[in-house]
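Take a look at the structure below.
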Protein chains: 2
Amino acid sequence: MNYEFILGNIRPNQEEIDAVIETTRNVIEFINRTCEEEGIDAEANAVGSVAKGTWLSGKSDIDVFISFPYESEMDYLKEKGLDLAYKTNDEFKGKANEHYASHPYLTCDIDGFEIDIVPCYDLSGGKPIKSAVDRTILHTEYIQDNLKEEQIDEVLLLKRFMDAVGTYGSEFKTGGFAGYLCELLILKYGTFEDTLRAAQNWKRHTLIDLEDFGTVGNAIFKQDPLVFIDPTDENRNVGAALRLERYVDFIVASRNFLDVLDNDDLDDYERQEKILEFFNPLLKEHLDKSKEEIAKDILESFKDRETQTLVIKFPIPIMSADALHPQLLKTVSSICEKIDMEEFSVFKYDYWTDEEKFVIFTIELNVFKQGKYYIHKGPKVWTKKACDNFKAKWGDALYPLDEFMVLTRERQFKTAKDFIIHTLQEENIHIIKVGKNIKEAICSDDCILLEIDEFLNDLDDQFNYNISNKTSEELARDYLNSLDDFLNPGQYIKR
Amino acid sequence: MNYEFILGNIRPNQEEIDAVIETTRNVIEFINRTCEEEGIDAEANAVGSVAKGTWLSGKSDIDVFISFPYESEMDYLKEKGLDLAYKTNDEFKGKANEHYASHPYLTCDIDGFEIDIVPCYDLSGGKPIKSAVDRTILHTEYIQDNLKEEQIDEVLLLKRFMDAVGTYGSEFKTGGFAGYLCELLILKYGTFEDTLRAAQNWKRHTLIDLEDFGTVGNAIFKQDPLVFIDPTDENRNVGAALRLERYVDFIVASRNFLDVLDNDDLDDYERQEKILEFFNPLLKEHLDKSKEEIAKDILESFKDRETQTLVIKFPIPIMSADALHPQLLKTVSSICEKIDMEEFSVFKYDYWTDEEKFVIFTIELNVFKQGKYYIHKGPKVWTKKACDNFKAKWGDALYPLDEFMVLTRERQFKTAKDFIIHTLQEENIHIIKVGKNIKEAICSDDCILLEIDEFLNDLDDQFNYNISNKTSEELARDYLNSLDDFLNPGQYIKR
């Protein structure tokens, strides 16, 4: 298949390349000049997809790393590095946000590009990494040294496909494939198409060891669905952050794509049209509707399901997205596990967050109400001593059932909602596994519990705030979009 | 404890003894005279509790067995035996009902006594039994030979206690202790009290081998809770018909009784009063109420439980009670098992029957309604071939969930009631395990399915028939009584 009709749209044109390179060069030159003027022994260099030439048109994240001598104190590197970054931002009249990886770095909005300025150690001469960010240098060098010119297009196709089917990005929220992993897959399989042809047959545990380190069977990798040994570190799996769900999504998306590609019933035009869809963002029907209309459609769908859907909304403290997401997932899944243990039945659950101010748990219940009583099981009849103790406690209410002494007791929670209300009290929160940073907020008066129709009918009130890069309207739509995903599982991986 | 205050009421007085003996003798003499006149080589004898002197006052079931020579053809025995029985019934102007054990026999109502007239083989000289009923002769002789005079009172106490706590009677409906088993327990443990003191510590599997046959560990007895080797047959367990429920009931009732007996906080009068209760039929509160009032109370209780209770009523064909009960139990428990498999939840179920005309299944549901959809699980993602087949069948509806290809499908049964209606169709009845004799009726138009309130509000219509020994009023009360037991488990075994 000739993918030029797709590549034409995703390959950066000369104008974009020139602009990216110019901005990058300007930033690097400014930093290096400043170092010289201030007598700092450090040197800025481009790394990442810009350095590798593997960025998708319009998605250039410029990474500029400032290398300090290998012997530098970490404190010195941190202080001087951040200082240089802020000076750069000021020089170019950028907008800066501080972030934190293994140490602080700056993300600057300069000339319409997002530029990460990150202090690191100079590893030249094959020295081992000293801080986690140093890896990026090794990764950049490895790809520069090994990826063939003609394979850059294959990387672009794979990244774009991954993005469209929702499996691209290694941050916890997505749990998908990192850019570096995409590049390595092309090194392994040669082309975009052959990567998908391989992926469609991937098993529960796929092992790839490009440099034949022989470490791929190590016990620490046993739980990872995809083990791709980092060619720059034999003890690291590049796919460590890849979640099983995204791994599976990519396998199934590959099959769906190849079913189209290999379908002899399609003529060339039809095939090309269908294939193109796999590289475009999913076109949802409701994009041109008002948020009230979308909410109405979503409510209709929930009503049709004859379930009860509860919404829990609470504020989050200031924390990094990568720390937040695991805590949210852990908390909502623990709530649902306990709901099931109370003999209600959760049909589906999910969470949404703006990553700055609020979190919303969505819990859909198949069984949300139960009879008033339950059978409280005591000891087996055969152990008289235990039965005597049980009787001393419960008296005449006891009776035998099968081999057990039991009694009929009133259920503490007749509805799943009752159980949640009870559990989200400070004195009961220990019932569930709750993320430590959100524990306080979820138990506070700021936490609200509503049925989905109450929540959606009150959309303007629920989203009456902005965050740094989204308006209240955008937030509401983003949340509604997540509900649409909730109601339509798997919609991204097929077209 | 001196139990004379109880024995005074349960030991037959001289008048009753004389009457029983006279009727028994008259019947025996008539049969023997007729045999002589007709040249039949057979002899009538009393067996059972009357022959053993172990019947409870007012509960004399007279058993008269007609022994035919050991060499007689079974057909001859059957024909002549039944003929003699009918002649006897006519002579004494009785009312006869034919029954069936291993062969037909007659139950006659004569002089106010219920008399079983049963043809059997003469085993004298220690011959092995030829038909199942012949055992009764051996049992009678064994008890006559081994039970001491003073132990008869102990047998009476045990039988009466068993009766009051609902564990007496080996027919399937009760699944309790046979009279012979009660007598053997007194032979084993000596007294009523010592039997209870032993029983309170019985384990899951109690083994008693009075004659030291050494067969008590045989594999065929492994499932029986109580193995009491028949002193007249080393390969038979007298407790074979004892159901685990009744075995457990007796253990717990024994503990409850002994808790009163050994309670030092009670004075003698209080203790005697409380002990007496254990020998009297359970006094239910509603005995003096109209059946409409009882039904109203019962409906209140069901309403309080916040469950949904369904009632299935259908006619039964003519068959023996012992064949009927297992089929009913099997059928209703299979329905409930399948309801649970459909992810509804049965809280409790039971059946009632008049043993002649109708059966009523009562099914109380904790979860009786569910959401519209369920997740239909396909093959694991890892087996591409299976996934291809699954996709060929279900197409675009598929999506991956965890490691599986799944789809969201509409539930066939949104309520447990829907499921039952579907299942009780002739073409679907194979879904459940249904007793072969009731299969036709349960699928017929004569089978009705109602909610408990609809059923109880229509009591006169539901019980607008009589059976041989019960009026419609008595039947309705009997059914309501069974619902009272349903709502108050274990009420018989405590006082």
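The values are calculated or read from the model by the stated rules, or taken from the named source; none is laboratory data. Computed from a prediction, not measured in an experiment: that's the story for all the values here. Cβ sites come from the backbone with ideal geometry, for glycine too, and all protein chains shown count toward neighbours. What goes into the accessible areas is simple: the full protein's heavy atoms, side chains included, and nothing from ligands, DNA or RNA. Shrake-Rupley method; radii C 1.70, N 1.55, O 1.52, S 1.80 Å.
Would it be correct to say that A:TRP382 is touching a residue at least 12 places away in the same chain (Cβ under 8 Å) and in a helix (DSSP H, G or I)?
Values: touching a residue at least 12 places away in the same chain (Cβ under 8 Å): yes; in a helix (DSSP H, G or I): no.
No; evaluated as a whole, the condition is false for this residue.
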Picked from the range A:162-171 (must be small (Gly, Ala, Ser) and either on the phi < 0 side of the Ramachandran plot or more than 9 Å from the chain's Cα centre (by Cα) (or both)), the residue most open to solvent (accessible area, probe 1.4 Å) is A:SER170
For A:THR408, the lone unmet condition from (1) outside any loop (DSSP other than H, G, I, E, B); (2) open to solvent by less than 30 Å² (accessible area, probe 1.4 Å); (3) within 8 Å of chain B (Cβ to nearest Cβ) is (2)
Considering the range A:359-378, residues that are surrounded by fewer than 20 Cβ atoms within 10 Å (Cβ to Cβ) and more than 12 Å from chain B (Cβ to nearest Cβ), and then whichever is nearest to B:THR206 (Cα to Cα), we arrive at A:LYS377
The strands (runs of 3 or more DSSP E) lying entirely within the range B:56-113 that contain at least 2 residues which are open to solvent by 80 Å² or more (accessible area, probe 1.4 Å) and within 25 Å of B:ILE21 (Cβ to Cβ) are B:95-100
Across (1) farther than 19 Å from B:ALA476 by Cα; (2) in contact (Cβ under 8 Å) with a residue 24 or more places away in the chain, B:ARG271 clears everything bar (2)
Taking the range A:417-464 and keeping only residues that are open to solvent by 30 Å² or more (accessible area, probe 1.4 Å) and of a type in the set (Ser, Thr, Tyr), one is left with A:SER444
### Query
Can you find even one residue in the range A:415-425 that is within 14 Å of chain B (Cβ to nearest Cβ), in a strand (DSSP E or B) and farther than 30 Å from B:VAL248 by Cβ?
yes
If we keep only residues of the range A:172-204 that are without any contact (Cβ under 8 Å) to a residue 60 or more places away in the chain and in contact with a strand residue (DSSP E or B) (Cβ under 7 Å, 6 or more places away or on another chain), then the residue least open to solvent (accessible area, probe 1.4 Å) is A:LEU184
If we keep only residues of the range B:439-495 that are out of contact with any helix residue (DSSP H, G or I) (no Cβ under 8 Å at 6 or more places or on another chain) and of a type in the set (A, V, I, L, M), then the residue nearest to the other protein chains (Cβ to nearest Cβ) is B:LEU450
Residues of the range A:301-328 being farther than 24 Å from B:THR408 by Cα and surrounded by fewer than 18 Cβ atoms within 10 Å (Cβ to Cβ), in sequence order, are A:PRO315, A:PRO317, A:ILE318, A:MET319, A:SER320, A:ALA321, A:ASP322, A:ALA323, A:PRO326
Item to complete: Report yes if A:ILE467 is surrounded by 14 or more Cβ atoms within 10 Å (Cβ to Cβ) and either at pLDDT 95 or above or not hydrophobic (A, V, I, L, M, F, W, C) (or both), otherwise no.
Response: no
- [ ] Check whether at least one residue in the range A:238-251 is farther than 26 Å from A:GLU364 by Cα and within 14 Å of chain B (Cβ to nearest Cβ), and report yes or no.
- [x] yes
When B:THR331 is run through (1) more than 14 Å from chain A (Cβ to nearest Cβ); (2) polar (S, T, N, Q); (3) open to solvent by 20 Å² or more (accessible area, probe 1.4 Å), the failure sits at (3)
When (1) open to solvent by less than 20 Å² (accessible area, probe 1.4 Å); (2) within 14 Å of chain B (Cβ to nearest Cβ); (3) of a type in the set (Asp, Glu) are applied to A:ASP340, the one that fails is (1)
For this session: Report yes if some residue within the range A:347-358 is surrounded by fewer than 21 Cβ atoms within 10 Å (Cβ to Cβ) and free of Cβ contacts under 8 Å to residues at least 12 places away in the same chain; otherwise report no.
Result: no
A:GLY395: passes all of (1) at pLDDT 95 or above; (2) surrounded by fewer than 14 Cβ atoms within 10 Å (Cβ to Cβ) but (1)
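Considering only the range B:1-52, state which residues are assigned to a loop (DSSP other than H, G, I, E, B) and buried (at least 17 other Cβ atoms within 10 Å of the Cβ).
B:TYR3, B:ARG11, B:PRO12, B:ILE40, B:ALA42
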